[in-house]
């Protein structure tokens, strides 16, 4: 089948970004895809390598490399290899993902995160661009409604797991504790894009921090690209408790600066089996309700596109966006 030929820039992180890219690489010319990733991960293997080796955290770029491999057989082998963690060992290797170690070493060998990533793309035959949004060492912080300060992406990400967590003490704002200089390659990709897609994912730790990097929001405003916001399927405990679609959009507009700039909002419309909904409810997660009347007030120019996007994986017991359906929806307008 022939592929679409749209210049698409994505901004995101984690599994939501992975699903989006996995679908796009199968349906659009990979050389026209630019995945812009975050560089503020502070937990797990990525966080340790950031401190121990002085590199930018490689976790999100590892996911992008895997998602953008075009050969299924190659990707399946690479996925096992990249995600394999050293569990049954002692010493400094324990807990590290091999993919993170490979990328970290390439950063050192090629003297830079961007050049190291280009080397990894060459090694694994990835034609799409993968661009760190910033090459600075960034620490993401959050402030809650009650004035509590949370320092570090990993602590923001897991605050919902704390015993004394109060869902009503919502995140009021996020910020970096130092200057976030933009990677010029990210600005160039945004300027040349046909579509800019804000991927599904953790709102305050994977999506919105991109807009805190100097020049990114301004570049989006200056670009002639269509701006697309893909809504999450479910809320996340600790970040988006009680959120409807309009609340996600309101938070986005706060950092983007202009609701009228958003052209499309993509949302799921297929029903989720009650048993699955109950499982997620036990974890403090609810279906994101689409309240179009409120959306229209916040983003008056945005067209809401609904499609059957939710896909349940019984093996992993996870609800995710269907990569192919999401990509086909995004390429249809």
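Every read-out reported here was derived from the displayed coordinates using simple, explicitly stated rules and does not represent laboratory data. The structure presented is a predicted model; accordingly, all values stated were derived computationally and were not measured. Neighbour counts run over all protein chains shown; Cβ positions are idealised from the backbone, glycine included.
Cα centroids of the stretch 26-74 and the stretch 106-140: 8 Å apart. Restricting the calculation to alpha carbons of the stretch 1-67 gives Rg and Dmax of 13.8, 46 angstrom. Sorted on the mean count of surrounding Cβ atoms within 10 Å across their residues, most packed first, peptides 69-77, 95-103 read 95-103, 69-77. Of all the C-alpha pairs in the stretch 124-203, what % are more than 15 Å from each other? When every Cα pair of the stretch 124-203 is considered, 69 percent fall beyond 15 Å.
In Å, what Kirkwood hydrodynamic radius results for the stretch 196-333 from the alpha-carbon pair distances? Before the final figure, lay out the partial values.
Details: mean 1/r = 0.0643 Å⁻¹.
Computed over Cα pairs of the stretch 196-333, the Kirkwood hydrodynamic radius comes out at 15.5 Å.
Any idea how far the Cα center of the stretch 236-263 sits from the one of the stretch 276-321, in Å? That distance is 14 Å. A convex hull fitted around the alpha carbon atoms of the stretch 104-157 yields 112 Å³ per residue.
Both radii come from the Cα set of the stretch 243-291: Rg as radius of gyration, Rh as Kirkwood radius; their ratio Rg/Rh reads 1.08. Divided by 2.2 N^0.38 Å, where N counts the residues, the Cα radius of gyration of the chain comes to 0.95. The convex hull around the C-alpha trace of the stretch 6-161, projected and averaged over every direction, spans 10.4 square nanometres.
Of the residues 257, 116, 152, the one that moves most in a GNM of the chain with alpha-carbon contacts below 10 Å is 257. Of 22, 320, the sequence from fewest to most neighbouring Cβ atoms within 10 angstrom is 320, 22. When both bridge partners sit in the chain, DSSP labels roughly 35% of those beta bridges antiparallel. Residues 325, 269 in ascending order of nearby Cβ atoms (within 10 Å, fewest first): 269, 325. Two numbers describe the Cα atoms of the stretch 41-132: Rg and Dmax, which are 12.6, 37 Å. Each Cα pair under 8 Å and six or more residues apart adds its sequence gap; the mean of these over the residue count of the chain is a relative contact order of 19 percent. Taking all Cα-Cα distances within the stretch 194-273, those exceeding 22 Å account for 22%.
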